Amino acid sequence: MSSSTVSSDERSPVNDPGWKRESSSWLISLTFHLFVLVVVTLIAIPAQVDSNNLTMLLPLEEEPELLEEAQHFKYDQKIPDEIGAGNLRGDEEARSESREIADESLVPQPDLLVESEVSVVSLTNEVESAVGKHLNENLNMPGASGVGTTGTMGAIDHVTHEILLALQERKVLVVWMFDRSWSLQQQRDEITARFDRVYEELGVIAASNNRTIQQHRNKPLLTSVVSFGEQVELLTEKPTDDLELLKTKIADIQGDDSGVERVFSAVHMAANEYKVYRRRDSRTGEPMRNILFVVFTDEVGDDSHLLEPSITLCRRYAIPVYVVGVPAPFGRKHTLVKWVDPDPQYDQTPQLGRVTQGPESLLVERIKLHFSGSNEETTPIDSGFGPFGLTRLCHETGGIYFAVHPNRTSQRSVSLDETSVSSAHLKYFFDPVVMRKYRPDYISYDEYQRRVTSSASRTALVKSAQMSWIEPLESPRLIFPKRNEADLANQLKESQKQAAKLEPKVNMLYQTLKLGEKSREQEESLRWCAGYDLALGRLLAVKVRTETYNVMLAQAKQSMKFKDPKSDTWVLQASQEISAGSQLKKQADSARMYLNRVIQEHPGTPWELLARRELREPMGWKWTERYTGVNQPRQTDNGNGSPRPPRDDQRRMLPAPKPKRSVPLL
């Protein structure tokens, strides 16, 4: 082997000094880059997100002295069994409810909020676990737009639960506000009796060394009472924990004959009166107490000009408002409440009193038509929501509106006879799960106007609804007794005059609604779609009925002859046949198209119900005849034209009627 030949060991890289220097540098570089990669990865990976945690941003009006810092409120998962009633008196009570996290946020959209500080409220699975025995998917997070119940007591049980949740954070002040109207007398009595149970439950929890209440050293729960009618009165000089005093104050509330309910004045006054309890404690820096307002009323309030200031004030001091109220009638302001004189010395026959309990939206979004198939003005129905102002107050402040009606059922219609005393007669109720998708816009008047004017179909619907309520359409005459030719001709002439007044109103409403027809196709809101389609479908049906009615009157003036010689009365009867021209036939087809679209796209809603009613009534007319005895002489009992008086024995048998009083202002 030559001397130039190198052994295999000598050729090995391991023994090569140059290779050792390169490998050492390579290892250092590798280690450094690995370190950089790990750091970058750690930065890029977000912190683990708790899937059970939902953060809601609640804007607060700024007030430097009282404004709280952003906080996270967390509640205990374990809630004592003593709180909440499952279902105390069968269908008379509302079940204790659980919350659900809704797909659609109940917090106003960011672009609608004023610039303000933000309070961050963490809603964890612990809150979701704070439920009663019966789960109900109809109850949303605080700020829910309406929870339908059958009884006041169930609503109070839920409020009791809310009080306990508030006590987990700090001491609490609850302000109970009572409508002084006579129609609320029975409810006030029930609530007074219920107070024992509410405060007994809280007392049981305190006595059991529950940490929720035991963490507070002195008077964890204070209460105040306010009454309102034409005047607002603070019944407790200062908040108290004396249960007997509270019950006495509520029992002593006198009815108000004025018929005026200043509910927003009461809320505004109470917020100003008790805002001092939201001041920070000098030692802890925390507010002194949480405050909850609980309002009981059966009307919408006569001081709606204070709605916005009340919302602003309650949001500023983080005061949720809970209202135990009534359901609003669908698309109308007034309902008829069943009233029976409470004094048995007077006639006990049920009477109906007119009460303002609606509408459910800021402005009426439903046209008012008498000459139609639905006859909805005589059959009020539930809207699925509470009155707009009070429901918005709850929605904006994080409270809940409880729509209480003892006859609530979505399974069948409710007759006037079975409607409970002091309750509005609502013939139909609707499934709240379905109605949740049709919630009104709980926004300010200015924002409502902006949204309406941005859409031609919304503008057309609101304008036509306002026009129809200002000028209600009257039902035309359909029965024409023929005493003689001249009298019949006069009846037909007068009816044509009424039709002449009716027709321009219908055409004006139709032209107004027609302006929004193209814009309707771009509408995304289910509520506005249903409202527009129903309005145009019904209005077209009424237009066809009105014009064909006029044609039939003109036909009758051509001296029609009875087929049956005994007949003495002409009657206009609804008919599927439309014999007044092709244009009216096309409009009838359009009416059916719109009404059928409502039925197909909005099942289980008030809009579907009214569309079905409209379609059941034909849009054409035909003349029929009958005998009514209009030409027969009147029969008298004694032959001289005066009625025969009752016999003495009949007089003795007839009980003396009880005096009857008119319905008071409810």
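The numbers here are math on the coordinates, done by the rules we state, and not lab data. As the structure is a prediction and not an experimental result, all values here were calculated from the model. Heads up, the Cβs are rebuilt from the backbone with ideal geometry, glycines too, and the neighbour counts pull from every protein chain shown.
Some values worked out for this structure:
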item: Sorted by Cβ density within 10 Å, fewest first, the residues Cys394, Cys529, Cys314; result: Cys529, Cys314, Cys394
item: Sum of side-chain charges, Glu485 neighbourhood, beta-carbon under 14 Å (Lys, Arg +1; Asp, Glu -1); result: +3
item: Calculated from backbone phi, Karplus (6.51, -1.76, 1.60) coupling profile of segment 315-322 in Hz, x at Gly/Pro; result: 5, 4, 9, 6, 10, x, 10, 10
item: Hull volume in cubic angstrom per residue (convex hull over the Cα atoms of segment 452-626); result: 117
item: Estimated FRET transfer efficiency (Met508, Met593; beta-carbon r; R0 25 Å; 0.05); result: 0.65
item: Within straight-line cross-link reach of Lys514, lysines at Cα separation under 20 Å, skipping those fewer than 8 residues along the same chain; result: Lys368, Lys463, Lys505, Lys543, Lys585, Lys586
item: Segment 385-481: GluC sites (Glu not before Pro) in DSSP coil with no more than 11 other Cβ atoms inside 10 Å; result: Glu418
